Amino acid sequence: MLARGTATLWISLIVLLPLAAVLSRGFEDGLGHFWDSISAPEAQSAIKLTLISSLIVVAINAVMGTLIAWVLVRDEFPGKRIVNSVIDLPFALPTIVAGLTLLALYGQNSPVGVHLAYTRAAVVAALLFVTLPFVVRAVQPVLLELDREMEEAAASLGAPNHRIFRSIVLPNLTPAIVAGCGLAFARAIGEFGSLVLLTGNIPFNTQVASVYIFGRVETNDLSGAAAVSVFLLAISVGLLFALNLFANWRTRHERV
Amino acid sequence: MTSVRWGLRSVALLYLALLLLIPLCAVFWRTFEHGISEPLDAVTSQDGLHAFWLTILCVGIAVPLNTAFGVLTALVLVRQNFRGKALLNAAIDLPFAISPVVIGLALFLVYAPRNSWFGETLAQNGIQVIFSVPGMVLATIFVSLPFVVREVMPVLQEIGTDQEEAAETLGASPWQTFWKVTLPAIRWGLAYGIVLATARALGEFGAVAVVSGHRNGETETLPIFVQRQFDNFSVAGAYAAGLVLAVLALVVLFSLNLLQRRSARATDGEDAEGAPPATTVFVPQPIEKEA
């Protein structure tokens, strides 16, 4: 009883109370004002850029993440263990350093002649960097557990590789890919640190939603900041909730 | 078959090289591009050292608190059944899903000296949270909260309650049972969670930047120091401080690897099927209903 109360109090004080303050400030002046705040031209442009680049990033992750997981599970090559641990680098590396690393190679005076700094492509590159592990790490354990007998049977019956992948491997991986993509999307729409140095934060061009919120706080427009925050919160919390339901639904329908 | 295999392998490795490895090497190169003295001076400047120690202070408060409360929360969520358990379980994941800037704003709205929920009362009592160290510590606690809980929970589910019950039957107090039975059993998962929480706490930028108000060197952690150096066109200083953080991240990565191998070896010796793989990605799992 005491333990339960302490744990609940801890989470409430640290996490829930501050979030309640954001909700309350976001709707303080009524729904009309909330709507005006998130549909202000600068806010709308930032939100649009955030959503579109996150969708692009998730699509690329779905393909590249699955491919990398496949190579890490099914392929053998020297140095595989090192490659495997490098996948976690974006989680270990502070986000500001993630931005800095991309800037070092693809910024001004780029040694390879690729200039991404202060462009919308930089937003996508930074988001790809920080979301890399999600799909890989979601798919990897499922691929490890996957029974290879079905694939061998299909191969012995003469099915070509792409057919085996599409009809046997992919359907088994889809739930994991969806879960990884959902987490990557939630992460991408809130990303801040890796974008600050790399994108230049130009309004109506490279400014994403989180950077817009930061600017509102600095100019002391807290209601405006809270309104856009509520919008982001609704998407990411909704997504998390949906993924939870999906996980529960799957355990209930497994082995029926 | 082999050509397909080669093709996939090359695409995967090329992608990782272009996105992760070559940029990381470029940071090393950029830092020392114009000699060693400029980056060294930046990192050992008064502001640089201050930022370093403030970072250590934030981590030093946030991680132990999250460890203690994290183990407690994991025990409550795995071993007890009560109304609202699913809600508490879902709340743990919120810091993963929320933008760091929103976290900073949230703390701002509760504790700012003016126009906030509690800030005015606290200010009258001489306590300043926002634009000051307590706010930065709170932000660090918020962002690193889920890791210990999420790493310890699956281990607790795995080990079950047999040994704890045996200890209880033999007359051990709850404290003795925890220290002598439960804690040794969860040690690898716990260590993994602590390392992840430390990494996140060390590198947090957005949430801490909002509440620090980056007025000057006073309220600057290393990540904020990186940004200010960069904005002041002291690029070598920014890369140097970034390199310090990158090296810390590599240490974290190395320890995660070591812990994974250790815990795998520890369970190999026993009859267990193999330790539940420690992970850095927390795909939502249904909570197992225990009888």
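The values are calculated or read from the model by the stated rules, or taken from the named source; none is laboratory data. All values reported here derive from a predicted model rather than from experimental measurement. With ideal geometry, Cβ positions are generated from the backbone for all residues, glycine too; neighbour counts draw on all protein chains shown.
The set of residues in segment A:171-191 being without any contact (Cβ under 8 Å) to a residue 60 or more places away in the chain and among the β-branched types (Val, Ile, Thr) consists of A:THR174 alone. Scan segment B:9-32 and give yes if some residue there is under 30 Å from A:LEU13 (Cα atoms) and hydrophobic (A, V, I, L, M, F, W, C), otherwise no. No, segment B:9-32 contains no residue that is under 30 Å from A:LEU13 (Cα atoms) and hydrophobic (A, V, I, L, M, F, W, C). When segment B:1-50 is filtered for residues that are among the hydrophobic types (A, V, I, L, M, F, W, C), away from chain A (no Cβ under 12 Å) and within 23 Å of the chain's Cα centre (by Cα), only B:LEU49 remains.
What number of residues in segment B:206-236 are among the aromatic types (Phe, Trp, Tyr) and either in contact (Cβ under 8 Å) with a residue 60 or more places away in the chain or over 21 Å from B:PRO39 (Cβ atoms) (or both)? Give the derivation first.
First, pick out the residues of segment B:206-236 that are among the aromatic types (Phe, Trp, Tyr): B:225, B:230, B:233.
From what's left, either in contact (Cβ under 8 Å) with a residue 60 or more places away in the chain or over 21 Å from B:PRO39 (Cβ atoms) (or both): B:225.
Looking only at that region, the number is 1.
Scanning segment A:192-201 for residues that are under 19 Å from B:ILE130 (Cβ atoms), free of Cβ contacts under 8 Å to residues at least 24 places away in the same chain, buried (at least 22 other Cβ atoms within 10 Å of the Cβ) and not small (Gly, Ala, Ser) turns up nothing. Tell me yes or no: at least one residue of segment A:90-103 is of a type in the set (Phe, Trp, Tyr), within 11 Å of chain B (Cβ to nearest Cβ) and within 30 Å of B:GLY7 (Cβ to Cβ). Yes: segment A:90-103 contains one or more residues that are of a type in the set (Phe, Trp, Tyr), within 11 Å of chain B (Cβ to nearest Cβ) and within 30 Å of B:GLY7 (Cβ to Cβ). Across segment A:246-256, the qualifying residues are those that are exposed (fewer than 13 other Cβ atoms within 10 Å of the Cβ) and part of a helix (DSSP H, G or I), and the one among them that is modelled with the highest pLDDT is A:TRP249.
Among the residues of segment A:75-94, is there at least one that is surrounded by fewer than 20 Cβ atoms within 10 Å (Cβ to Cβ), under 30 Å from A:ARG148 (Cα atoms) and of a type in the set (S, T, N, Q)? Yes, segment A:75-94 contains at least one residue that is surrounded by fewer than 20 Cβ atoms within 10 Å (Cβ to Cβ), under 30 Å from A:ARG148 (Cα atoms) and of a type in the set (S, T, N, Q). Here are some conditions: (1) more than 26 Å from B:MET136 (Cβ to Cβ); (2) in contact with a Phe, Trp or Tyr (Cβ under 7 Å, 6 or more places away or on another chain). B:ASP47 meets all but one. Which one does it not meet? Among (1) more than 26 Å from B:MET136 (Cβ to Cβ); (2) in contact with a Phe, Trp or Tyr (Cβ under 7 Å, 6 or more places away or on another chain), B:ASP47 violates only (1). Note on segment A:134-211: enclosed helices (runs of 4 or more DSSP H) holding 2 or more residues that are closer than 23 Å to B:GLY7 by Cα are A:149-156, A:161-164, A:170-190. In the set (1) over 22 Å from B:PHE108 (Cα atoms); (2) surrounded by fewer than 20 Cβ atoms within 10 Å (Cβ to Cβ), A:LEU243 fails one condition alone, (2).
Mind telling me which of the residues A:ASN220, A:ASN205, A:ASN201 ends up being at pLDDT below 95 and either farther than 23 Å from B:SER212 by Cα or of a type in the set (A, V, I, L, M) (or both)?
A:ASN205
On the stretch given as segment B:160-188, residues that are among the polar types (S, T, N, Q) and loosely packed, with under 12 Cβ neighbours inside 10 Å total 2. When B:VAL210 is tested against (1) within 14 Å of chain A (Cβ to nearest Cβ); (2) surrounded by fewer than 16 Cβ atoms within 10 Å (Cβ to Cβ), just one condition goes unmet, and that condition is (2). Restricting attention to segment B:94-140, the residues that are under 16 Å from A:ASP221 (Cα atoms) and of a type in the set (Asp, Glu) total 0.
Residues in segment A:202-240 that are without any contact (Cβ under 8 Å) to a residue 60 or more places away in the chain and in contact with a Pro (Cβ under 9 Å, 6 or more places away or on another chain) were compared, and the one that is farthest from B:ILE92 (Cα to Cα) is A:GLY215. Once segment A:19-54 is narrowed to residues that are among the charged types (D, E, K, R) and part of a helix (DSSP H, G or I), the residue that is nearest to A:PHE192 (Cα to Cα) is A:LYS48.
Those helices (runs of 4 or more DSSP H) of segment B:128-200 in which 1 or more residues are at pLDDT 90 or above and under 30 Å from A:GLU191 (Cβ atoms) occupy B:133-144, B:146-159. Taken over segment A:205-232, the criterion of being touching a Leu at 6+ places or on another chain (Cβ under 9 Å) and of a type outside the set (Val, Ile, Thr) is satisfied by A:ASN205, A:GLN207, A:ALA209, A:SER210, A:PHE214, A:ARG216, A:LEU222, A:ALA225, A:ALA226, A:SER229. Restricting attention to segment B:160-205, the residues being aromatic (Phe, Trp, Tyr) and in contact (Cβ under 8 Å) with a residue 40 or more places away in the chain number 3.
Every residue, every condition in (1) touching a Cys at 6+ places or on another chain (Cβ under 8 Å); (2) without any contact (Cβ under 8 Å) to a residue 40 or more places away in the chain; (3) among the aromatic types (Phe, Trp, Tyr), yes or no:
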{"residue": "B:ASN81", "(1), (2), (3)": "no, no, no"}
{"residue": "B:ILE98", "(1), (2), (3)": "no, yes, no"}
{"residue": "B:ILE103", "(1), (2), (3)": "no, no, no"}
{"residue": "B:TRP117", "(1), (2), (3)": "no, yes, yes"}
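Scanning segment A:68-111 for residues that are more than 27 Å from A:PRO141 (Cβ to Cβ) and either within 21 Å of the chain's Cα centre (by Cα) or assigned to a loop (DSSP other than H, G, I, E, B) (or both) yields a total of 12.
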